[in-house]
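A short write-up of the structure that comes next.
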Amino acid sequence: MVARDGIREDRVDYATQRKNMVESQVRPSDVTDRRIIRAMLDLPRELFVPERLRALAYMDGSVPLTPATHGGTRRALLSARVLAKLVQAADVASGASVLAVGAGPGYGAALLAGLGARVVALESDPDLRNDAIRRLADLSAGNVTVVDGPLDQGWPDEGPYDAILIEGAVETVASGLLDQLKDGGRLVAIAVAGNRTTGRATVWRRDGRTFGKTEIFDAAADVLPGFEKPRVFAF
C-alpha cells in the first residue's frame with residue numbers, strides 16, 4: 001500500500017519507531033513515571049496524525065494537524081517529550097478525573113486513559129473532534145468522553161477535575177477554567193508571551209481559593225484558540 005506521500009506504509013515499522021521515540025526522546029527527558037513509558041510504547045501515535053504525514057509521527061517535534069487559520073494559529077500534535085513531561089507534571093493517578101483541553105485527534109486523551117484516568121477530551125475543531133471520536137473508538141478507549149465547546153471555557157459539567165491538561169500554548173488562563181480543578185488539583189500548560197511559540201511549561205496548583213504557579217521546563221507549542229491575550233494597539 002502506497003500512502004499519498006509516496007512512502008509504502010506496509011514497509012514502515014511503526015513499533016520500532018515507537019520504541020526509538022521513547023528511548024531517545026522521552027526517557028532522556030527525565031520522564032520517570034513508568035506508566036507513561038508503558039502507555040507510550042503501547043499507543044500507536046501514527047494513527048493520530050493525517051495519513052499523508054504518518055512518516056513524521058515519531059519525529060522529535062510537533063506534528064502539524066491543520067494549517068493556520070486567518071488571524072489564528074495552526075493546530076499541531078505536541079512533541080512526545082513535551083506531552084510526556086506535561087502529563088508527568090499533572091501527577092495523574094489511576095481513577096483520576098482529567099480534562100484534556102485542545103484534545104485534537106485524541107492522542108493525549110488516549111495516553112491519559114492508558115494511565116487509568118477518566119478523561120473528558122474537549123475539542124472545538126469539528127474535523128479534529130470527529131477524528132478523535134473515530135480513533136478512540138478504534139482503540140476501545142471507553143474511559144474517554146469527547147465533547148465540543150470553546151477550549152478556554154473548559155467543561156464544568158463533568159468537573160471538578162483532579163488534573164487539567166492543556167495540549168498547546170496559552171498566553172492567559174481564565175479563572176473559570178482554573179476553578180474547575182479540585183482542591184489540590186493541577187493544571188498544566190505551556191505559557192508563552194506575545195506572539196511567541198516558545199515559553200515555559202507551567203503547573204497551576206489549587207490550594208483552596210488560591211492557585212500556586214510553578215514553571216518547570218522550556219517548551220514550544222502553538223497557542224490554542226481562546227487562550228490569546230487581547231492585543232493592545234498604541235498610537
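The values are calculated or read from the model by the stated rules, or taken from the named source; none is laboratory data. These numbers come from a predicted model, not from an experiment. Here the Cβ positions follow ideal geometry from the backbone for every residue, glycine too, while neighbour counts run over all protein chains shown. The protein model used for the area step is the full one, side chains on, heavy atoms only, and it has no ligands, DNA or RNA in it. Shrake-Rupley method; radii C 1.70, N 1.55, O 1.52, S 1.80 Å.
Take the residues in the range 136-178 that are under 30 Å from E46 (Cα atoms) and β-branched (V, I, T); name whichever of them is most open to solvent (accessible area, probe 1.4 Å).
T145
Output the residue which, of all residues in the range 179-225 that are part of a strand (DSSP E or B) and among the basic types (K, R), is nearest to A80 (Cα to Cα).
R200
Open to solvent by 70 Å² or more (accessible area, probe 1.4 Å) and not charged (D, E, K, R): is that true of S124 in this structure?
Here the answer is no, as S124 does not meet what is asked.
What pairs come up if the first residue lies in the range 129-142 and is free of Cβ contacts under 8 Å to residues at least 40 places away in the same chain, the second is part of a loop (DSSP other than H, G, I, E, B) and surrounded by fewer than 19 Cβ atoms within 10 Å (Cβ to Cβ), and their beta carbons are under 7 Å apart, counting only those six or more places apart or on different chains?
Close Cβ pairs (under 7 Å, with a partner that is part of a loop (DSSP other than H, G, I, E, B) and surrounded by fewer than 19 Cβ atoms within 10 Å (Cβ to Cβ)) amount to R129/D148.
Can you tell me how many residues in the range 154-182 are out of contact with any helix residue (DSSP H, G or I) (no Cβ under 9 Å at 6 or more places or on another chain) and either of a type in the set (V, I, T) or more than 19 Å from T210 (Cα to Cα) (or both)?
The total comes to 5.
Check whether at least one residue in the range 89-96 is closer than 25 Å to L181 by Cβ, among the acidic types (D, E) and either in a strand (DSSP E or B) or at pLDDT 95 or above (or both), and report yes or no.
yes
Quick check: is even one residue across the range 135-152 among the hydrophobic types (A, V, I, L, M, F, W, C) and within 23 Å of D207 (Cα to Cα)?
No, every residue in the range 135-152 fails to be among the hydrophobic types (A, V, I, L, M, F, W, C) and within 23 Å of D207 (Cα to Cα).
Does L99 satisfy the criteria of being of a type in the set (A, V, I, L, M), open to solvent by less than 10 Å² (accessible area, probe 1.4 Å), closer than 27 Å to N20 by Cα and not in a loop (DSSP other than H, G, I, E, B)?
no
Just name the residue that is farthest from R35 (Cα to Cα) out of those in the range 111-137 that are among the small types (G, A, S) and touching a strand residue (DSSP E or B) at 6+ places or on another chain (Cβ under 7 Å).
From the range 111-137, those among the small types (G, A, S) are 113-114, 116-117, 121, 124, 132, 137; that's our starting set.
Restricting the remaining residues to those that are touching a strand residue (DSSP E or B) at 6+ places or on another chain (Cβ under 7 Å) gives 113, 117, 121, 132.
Values: A113: 11, A117: 12, A121: 20, A132: 22 Å.
Within the range 111-137, the match that is farthest from R35 (Cα to Cα) is A132.
Taking the range 31-82, which residues are open to solvent by less than 30 Å² (accessible area, probe 1.4 Å), assigned to a helix (DSSP H, G or I) and more than 28 Å from F227 (Cα to Cα)?
Once the filter is applied, which keeps residues that are open to solvent by less than 30 Å² (accessible area, probe 1.4 Å), assigned to a helix (DSSP H, G or I) and more than 28 Å from F227 (Cα to Cα), the range 31-82 yields I37, A39.
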